[in-house]
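To start, the structure itself, in structure tokens.
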Amino acid sequence: QVQLVESGGRLVQAGGSLRLSCAASGRAFSNYAAGWFRQAPGKEREFVAAISRIANIIKYADSVKGRFTIARDNAQNTLYLQMNSLKPEDTALYYCAASPVNSINFYLPDMYPYWGQGTQVTVSS
């Protein structure tokens with residue numbers, strides 16, 4: 001239905017900024033709610049941010065609120081995560097995900113049937 005490919009992850013210093021991208025192909029990206037999740041070694045997959053189909057609803061994890069911004073460009077079939085004031089605890093493999101259904105539980109990984117392969121973000125002290 002839809003394929004997702006993340007890019008933009010790299011090594012950055014604490015306090016720096018980075019923008020992740022997620023390119024979608026297949027059905028029109030506007031048919032899907034979308035989100036970002038991250039997972040560090042030995043830890044559970046963690047919700048980061050989510051955005052509704054037309055971007056009228058946006059949610060963030062408390063740990064990134066005020067520092068990260070999720071956005072989408074439906075004309076270009078692309079999802080973004082702008083990350084500012086990065087901290088070492090932001091180090092993780094970051095995944096984008098898409099869901100064809102609307103739900104108030106879009107912070108749960110189980111709501112998303114489509115996932116990218118992940119892109120590594122490493123923040124050094």
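Scan segment 19-31 for residues that are under 15 Å from the mean Cα position of the chain (by Cα) and either at pLDDT below 95 or open to solvent by 10 Å² or more (accessible area, probe 1.4 Å) (or both) and jot them down. Once the filter is applied, which keeps residues that are under 15 Å from the mean Cα position of the chain (by Cα) and either at pLDDT below 95 or open to solvent by 10 Å² or more (accessible area, probe 1.4 Å) (or both), segment 19-31 yields Arg19, Ser21, Ala23, Ala24, Phe29. Filtered by the rule that a residue be part of a strand (DSSP E or B) and surrounded by fewer than 16 Cβ atoms within 10 Å (Cβ to Cβ), segment 32-41 gives a lone residue, Gln39. Restricted to segment 115-125, and to residues there that are assigned to a strand (DSSP E or B) and over 15 Å from Trp36 (Cα atoms), the residue that is farthest from the chain's Cα centre (by Cα) is Ser124.
Within segment 81-113, the set of residues being closer than 20 Å to Ala40 by Cα, at pLDDT 95 or above and not in a loop (DSSP other than H, G, I, E, B) comprises Leu81, Gln82, Met83, Pro88, Glu89, Asp90, Ala92, Leu93, Tyr94, Tyr95, Cys96, Ala97. The sole residue among Tyr94, Tyr80, Tyr112 that is open to solvent by less than 40 Å² (accessible area, probe 1.4 Å), under 10 Å from the mean Cα position of the chain (by Cα) and not aliphatic (A, V, I, L, M) is Tyr94.
Among Ala61, Ala55, Ala50, Ala75, which is the only one that is small (Gly, Ala, Ser), under 18 Å from Ile104 (Cβ atoms) and open to solvent by 40 Å² or more (accessible area, probe 1.4 Å)?
Just a single option satisfies the conditions, and that option is Ala55.
Any residue at all in segment 68-75 that is more than 23 Å from Gln3 (Cα to Cα) and touching a residue at least 40 places away in the same chain (Cβ under 8 Å)? Within segment 68-75, none of the residues are more than 23 Å from Gln3 (Cα to Cα) and touching a residue at least 40 places away in the same chain (Cβ under 8 Å).
The values are calculated or read from the model by the stated rules, or taken from the named source; none is laboratory data. Computed from a prediction, not measured in an experiment: that's the story for all the values here. Every residue, glycine among them, receives a Cβ derived from its backbone with ideal geometry; neighbour counts consider all protein chains shown. Quick note on the areas: whole protein, heavy atoms, side chains included, nothing else; ligands and nucleic acids left out. Shrake-Rupley method; radii C 1.70, N 1.55, O 1.52, S 1.80 Å.
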